[in-house]
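Everything on this sheet refers to the single structure shown next.
The values are calculated or read from the model by the stated rules, or taken from the named source; none is laboratory data. The structure displayed is predicted, hence computed values, not measured ones. Using ideal geometry, Cβ is built from the backbone for each residue, glycine included, and neighbour counts are taken over all protein chains shown. For accessibility, only protein heavy atoms count, side chains too; no ligands or nucleic acids. Shrake-Rupley method; radii C 1.70, N 1.55, O 1.52, S 1.80 Å.
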Amino acid sequence: MTITHDILGQTVTMPVDVRDGSNATVIFDVDLEAARALAPAGFEVIENAPGRAQFALALIDYKDNDLGAYLEVGTILFVRPEGGGEDGTFITHLPVTEQFTCAAGNQIWGFPKSVEQIEVTNTETTTRWVLTMDGELVVDVTLPRGGTDEMPPMALSAYTLIDGRPHVTAFTQGGSGSGMFFGGEVSLTLGSHPIAKELASLGLSPDSVVLSTWTERMQARFDEPTPL
C-alpha cells in the first residue's frame, strides 16, 4: 500500500528520499541533568558516562531531496523510550530555510521545523554555519570539511511527538567523501536568542566537542512514522 501526504497542495509519497546533500555533525559532551531538562516526557536521555550525555548539532545542505533543496540545522538529544526500546535521536529544534519542507516535516513526522535564516560559507577545508532567529544570533559554528571515507547506509531511529503521542521513524543515512575530526578544530559562538541560551545551559563550547564529522555526498531515506 502506497502512503501519501498532501503538503501545501502537493503530494509527498513515502518513503522520502535524499539523493544528495552535504552533512556536518558536531558531537558535544554535556551534563546529563541539563540534557534531561530538554527531553520530552516518556523518554530517557542516554547516559554515556557517569553524569554525562552527548548532544549533537547537525548541519545539512539538502541539494536533491523529495522535499526540495534547503538548509537545515538540528539540535539533537540521544534518547530511548522509558521502559526500554531502541536508542535513537530526539530533535529539540530544527530550523530550515524553506516553507515546503517545514510544513512536510511538521505534518508527516512531527519534526519541530521552523523557517529561519541560515547562512553557509564553505572553503576547501572548512564549513561555517550561522543561524539567526527573530533577528538574533543563535549559533555561529565553523568546523572541518573534507574526507575520503565511504559510509554505507546505516539504519537509525528518530523519535518525535505527533499530537503529543510518541512516534518512531526509521531512516537510513550514508554517503561518501566522509571524514571524522577530533580535537580543537571547531569554533563556536552562541548568541542571545532563547535557543542559544538553551544550548548554553548544556555547556556547549569548543572545549566540550567530542568530535565532528563531514559527509560531502550524503544519501538518506525517511520512512512513515510509527506510533509507540
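One residue alone among Ala35, Ala39 is open to solvent by less than 60 Å² (accessible area, probe 1.4 Å), modelled with pLDDT of 95 or more, in contact with a strand residue (DSSP E or B) (Cβ under 7 Å, 6 or more places away or on another chain) and part of a loop (DSSP other than H, G, I, E, B), and that residue is Ala39. Scanning the range 175-198 for residues that are at pLDDT 95 or above, more than 15 Å from the chain's Cα centre (by Cα) and among the acidic types (Asp, Glu) turns up at least one hit. Taken over the range 110-146, residues that are touching a Ser or Thr at 6+ places or on another chain (Cβ under 6 Å) and open to solvent by 40 Å² or more (accessible area, probe 1.4 Å) amount to 5. How many residues, within the range 90-106, are farther than 20 Å from Thr132 by Cβ and open to solvent by less than 10 Å² (accessible area, probe 1.4 Å)? So the count comes out to 1.
Among the residues of the range 1-17, count how many are crowded, with 17+ Cβ neighbours inside 10 Å and in contact with a strand residue (DSSP E or B) (Cβ under 9 Å, 6 or more places away or on another chain).
2
Taking the range 111-194 and the strands (runs of 3 or more DSSP E) fully enclosed by it, the elements with 1 or more residues that are without any contact (Cβ under 8 Å) to a residue 12 or more places away in the chain are at 117-122. Within the range 202-226, the residues that satisfy the criterion of being open to solvent by 20 Å² or more (accessible area, probe 1.4 Å) and either at pLDDT below 95 or not in a strand (DSSP E or B) (or both) are Gly203, Ser205, Pro206, Asp207, Asp223, Glu224.
Within the range 173-201, the residues that satisfy the criterion of being over 12 Å from Leu137 (Cα atoms), open to solvent by 50 Å² or more (accessible area, probe 1.4 Å) and touching an Asp or Glu at 6+ places or on another chain (Cβ under 9 Å) are Met180, Gly184, Ser187, Ser201.
Checking the structure you have, find out if any residue of the range 142-153 is closer than 25 Å to Ala39 by Cβ and modelled with pLDDT of 95 or more. There is no residue in the range 142-153 that is closer than 25 Å to Ala39 by Cβ and modelled with pLDDT of 95 or more. Can you confirm whether the range 18-30 contains a residue that is open to solvent by 40 Å² or more (accessible area, probe 1.4 Å) and closer than 23 Å to Gly191 by Cβ? Yes, that holds for at least one residue.
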